1. Let me spell it out: the conditions are (1) open to solvent by less than 50 Å² (accessible area, probe 1.4 Å); (2) within 14 Å of another protein chain (Cβ to nearest Cβ), and A:G101 meets all of them except one. Which number is the exception?
2. With A:D81, A:D91 as the choices, which residue is within 13 Å of another protein chain (Cβ to nearest Cβ), in a loop (DSSP other than H, G, I, E, B) and acidic (D, E)?
3. Answer with yes or no whether A:V67 is open to solvent by less than 10 Å² (accessible area, probe 1.4 Å), within 12 Å of chain B (Cβ to nearest Cβ), without any contact (Cβ under 8 Å) to a residue 24 or more places away in the chain and in contact with a Gly (Cβ under 9 Å, 6 or more places away or on another chain).
4. Would a scan of region A:209-216 turn up a residue that is of a type in the set (S, T, Y) and buried (at least 16 other Cβ atoms within 10 Å of the Cβ)?
5. Among the residues of region B:111-132, count how many are in a helix (DSSP H, G or I) and more than 30 Å from B:F178 (Cα to Cα).
6. Restricting to region B:126-165, what's the tally of residues that are open to solvent by 30 Å² or more (accessible area, probe 1.4 Å), over 30 Å from B:I195 (Cα atoms) and either within 14 Å of the chain's Cα centre (by Cα) or within 14 Å of chain A (Cβ to nearest Cβ) (or both)?
7. Just one of the numbered conditions (1) over 21 Å from the mean Cα position of the chain (by Cα); (2) farther than 23 Å from B:A186 by Cβ is not true of B:A108; which one?
8. How many residues are among the aliphatic types (A, V, I, L, M) and over 21 Å from A:L83 (Cα atoms) when one looks only at region B:144-192?
Amino acid sequence: MSVLSIEKVSKSFEGELILKDVSMELREGELVSVLGVSGSGKTTLFNLISGLVKPDEGRIILEEEDVTGRTGKVSYMLQKDLLLPHKTILDNAALPLVLKGMSKKDAREKASMLIEEFGLAGTEKKYPAQLSGGMRQRVALLRTYLFSEKVALLDEPFSALDMLTKQSMHAWYLDVMQKIKLSTIFVTHDIDEAITLSDRIYLITGKPGTITKEIIIDVPRPRPKDFNLTTEFLSYKKEIVSSLTP
Amino acid sequence: MKRCQSITSKLWSVSAIALLLVVWQIVSSTGIVEKYLLPSPTDVIKAFIEDFNILMENSVVTLQEAIIGLFIGVAVGFIVAVIMDRFLYMYKAVYPLIILTQTIPTVAIAPLLVLWFGYDVAPKIILVVLTTFFPIAVGMLNGLKSVDKDYINLMRAMGASSHQIFIHVKLPMTMSPFFSALRISASYAVVGAVISEWLGGFAGLGVYMTRVRKAFAFDKMFAVIFLISIISLLLIKLVDLLQKMCMPWEPKEADK
């Protein structure tokens, strides 16, 4: 069943067409990447899904509900963790619940039940500045999850981390995602990251940006640790590189 | 290690001040500069002790004006900043006016205020309000306007109302510029109160100052100048303390 579907969406800014007839879908439990070079309209697509920007044409359907141009439906996570520096980790995570009108006490209670699952036990009373980059991203994901339990929208969330932290965050993310039954749209320009994590990859190219290819990464999970060193991985990479370069 | 560093850094400033005092003492007591023009530090201390009670009585009056004025000034500055941030047309209409009020010299409006409101505390408090609201209004406004757009977009995506965005993001993120502005306003408050007292009043450090100046009692003059500096410094310290209490999330010196 598809959790989120984007139907023939187009968007232009100041007379310039940025996205044209973009359609894609996200099925339950899937991780789908949108891969494209800078300036291909990735960020616009991202803003359209989150509802911050209204498309000129097309619709965005979240669990059979039309959410086109409506905020408050899908939350997201960026490279910047955007945790509020003046709130404790627990309060940061619980924020979306408070925004929805839940009492502070109930929100904290609900958030604290998940703190451990997200590998954040013992950090509840700390402030974001006291945590490492990787840990902060975990909090940001917990916050995203507490906002919308079905779909997470991620825009290069791990690109600011060093290679080793990034790898462990990948493993952690896939693990958590499976446990909490989350479906993910992952916007990135990192080809390796996309292949490692995705079930499917949409390539977005050209001006205006259109989806030119859908690649299915047909490798069962959990994927072997050295997956990125296999010839299979390399052939996917070759395919992607040749499609992205004109 | 850090502690040692802070002590040595203080050592430098303390010894510079000590050196200055020694030079001053020598210049004055050897007669290089006539004593009635420049009283020596010891004379100033003597004058301070002699007039201690009078100085304290007058300080209370000045401090009262300064603090009441500061409170009102901060409140006004705060509200003006929030309104200007919320409504663009208010910003366009009011901001130039606010800048204009600051181009008028304090000394020029003080006599007018006395004329309109008499010799009581009212004109003094009004003058303090006029001088203290400006740093707060401008500092807060800059703070509110420079809150990272990404935070606000994320909050919007999570369905937050503009009221919720203000409470959860904008206001707390403006705390730091607010306190910077408050430090400036606190020191302006004391000076503003003193200036307004110069131009008429019954009590206060400014009144005392005018009196001793007319009597050519320069030792007392210096004593009151130092007292005003000390009061301003204490107020600034108080603001620092308040900031530490209100912003527990700020990394402490040792963690930096």
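The values are calculated or read from the model by the stated rules, or taken from the named source; none is laboratory data. Everything numeric in this text was worked out from a predicted model, so none of it was measured. Cβ coordinates were reconstructed from backbone atoms using ideal geometry, including for glycine residues, and neighbour counts include every protein chain displayed. Protein only, heavy atoms only, side chains kept; ligands, DNA and RNA dropped before computing areas. Shrake-Rupley method; radii C 1.70, N 1.55, O 1.52, S 1.80 Å.
1. (1)
2. Details: A:D91 fails: in a loop (DSSP other than H, G, I, E, B).
Only one candidate passes the filter, namely A:D81.
3. Details: open to solvent by less than 10 Å² (accessible area, probe 1.4 Å): yes; within 12 Å of chain B (Cβ to nearest Cβ): yes; without any contact (Cβ under 8 Å) to a residue 24 or more places away in the chain: yes; in contact with a Gly (Cβ under 9 Å, 6 or more places away or on another chain): yes.
Yes, satisfied.
4. The first filter runs over region A:209-216 and keeps only residues of a type in the set (S, T, Y), leaving A:210, A:212.
Those still in the list that are buried (at least 16 other Cβ atoms within 10 Å of the Cβ) too: A:210.
Yes, there is a match, as at least one residue in region A:209-216 is of a type in the set (S, T, Y) and buried (at least 16 other Cβ atoms within 10 Å of the Cβ).
5. First, pick out the residues of region B:111-132 that are in a helix (DSSP H, G or I): B:111-117, B:121-132.
Right, trim to more than 30 Å from B:F178 (Cα to Cα) and you get B:111-112, B:114-117.
Counting residues in region B:111-132 that are in a helix (DSSP H, G or I) and more than 30 Å from B:F178 (Cα to Cα) gives 6.
6. 11
7. Evaluating B:A108 over (1) over 21 Å from the mean Cα position of the chain (by Cα); (2) farther than 23 Å from B:A186 by Cβ leaves (1) as the failure.
8. Residues of region B:144-192 that are among the aliphatic types (A, V, I, L, M), as a first pass: B:144, B:147, B:152, B:154-155, B:157-158, B:160, B:165, B:167, B:169, B:171, B:173, B:175, B:181-182, B:184, B:186, B:189-191.
Filter once more, keeping what is over 21 Å from A:L83 (Cα atoms): B:181-182, B:184, B:186, B:189-191.
The total comes to 7.
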